[in-house]
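Structure first, commentary second.
The values are calculated or read from the model by the stated rules, or taken from the named source; none is laboratory data. Note that the structure is a prediction, hence the values are computed from the model and not measured. Reconstructed Cβ throughout: ideal geometry from the backbone, glycine too, with neighbour counts over all protein chains shown.
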Amino acid sequence: MLSVYKDHSELNKGRKLSDYFYFAGEFTLQEIDKVTTLFDKYEKQDGVIGDGKLDKNYRKSRIAWLPLQDDTAWIYQKLLNCAKSANEKLWNFQIIGFGEKLQLTEYQEGDKYDWHMDMGGLMNHRKISISVQLSHPNTYEGGELEFKLGTKEEAASKSEGSVTLFPSYLLHRVKPITKGKRMSLICWISGESWR
């Protein structure tokens, strides 16, 4: 089927599909403590790359998967509310909810996650990626969450308790930690596969 826009202004009515969104101070210090203590409760493993391979030159971190249950339900609900709000403001993606468990991530000195997207291959259902900053920025150096936006690189907020949301197809990385330790909570809001 051939379709031609007669008025090019119709093309500009879309959403800002390459933007990210953040909520400052969404998690209180007490809530951050509740989340970080869960890291010791659940089994930890090395972070792997998209195809399930361990490549510490590309990604080096320790993670714990947090299932939806009594002690984590409030986190799931809070992040779903953030995702719905950001999605209405920016992207208007068709979303359903969580397709995977929450991932609690710890980066220590020398740890990083190089440039990547959170979707593709078997992960083509991911629509919105979420990163919650759990560490105070004075407790570590490096470790910035950065986005590749065209020809520039832009760092997300490092403020403790902030929630950053972005399309899962946005290229991003976590720069190497040069001092201290950074903890973050990562999750993805899913919908029908991209097509």
Of the criteria (1) out of contact with any Leu (no Cβ under 8 Å at 6 or more places or on another chain); (2) in contact (Cβ under 8 Å) with a residue 60 or more places away in the chain; (3) surrounded by 16 or more Cβ atoms within 10 Å (Cβ to Cβ), which one residue 135 fails: (2)
Selection from region 117-135 of residues that are assigned to a helix (DSSP H, G or I) and among the small types (Gly, Ala, Ser): 121
Single residue of 165, 122, 171 found to be closer than 24 Å to residue 56 by Cα and within 12 Å of the chain's Cα centre (by Cα): 171
Unique match (being over 17 Å from residue 185 (Cβ atoms), buried (at least 19 other Cβ atoms within 10 Å of the Cβ) and over 14 Å from the mean Cα position of the chain (by Cα)) among 66, 54, 90: 90
Matching entry among 17, 2, 68 (being over 27 Å from residue 109 (Cβ atoms), at pLDDT 95 or above and either of a type in the set (Phe, Trp, Tyr) or in a loop (DSSP other than H, G, I, E, B) (or both)): 68
Residues that are out of contact with any Phe, Trp or Tyr (no Cβ under 8 Å at 6 or more places or on another chain) and either free of Cβ contacts under 8 Å to residues at least 40 places away in the same chain or over 13 Å from residue 180 (Cα atoms) (or both), drawn from region 101-111: 105
Those strands (runs of 3 or more DSSP E) lying entirely in region 136-194 with at least 2 residues over 17 Å from residue 23 (Cβ atoms) and not acidic (Asp, Glu): 140-142, 145-149, 172-174, 177-190
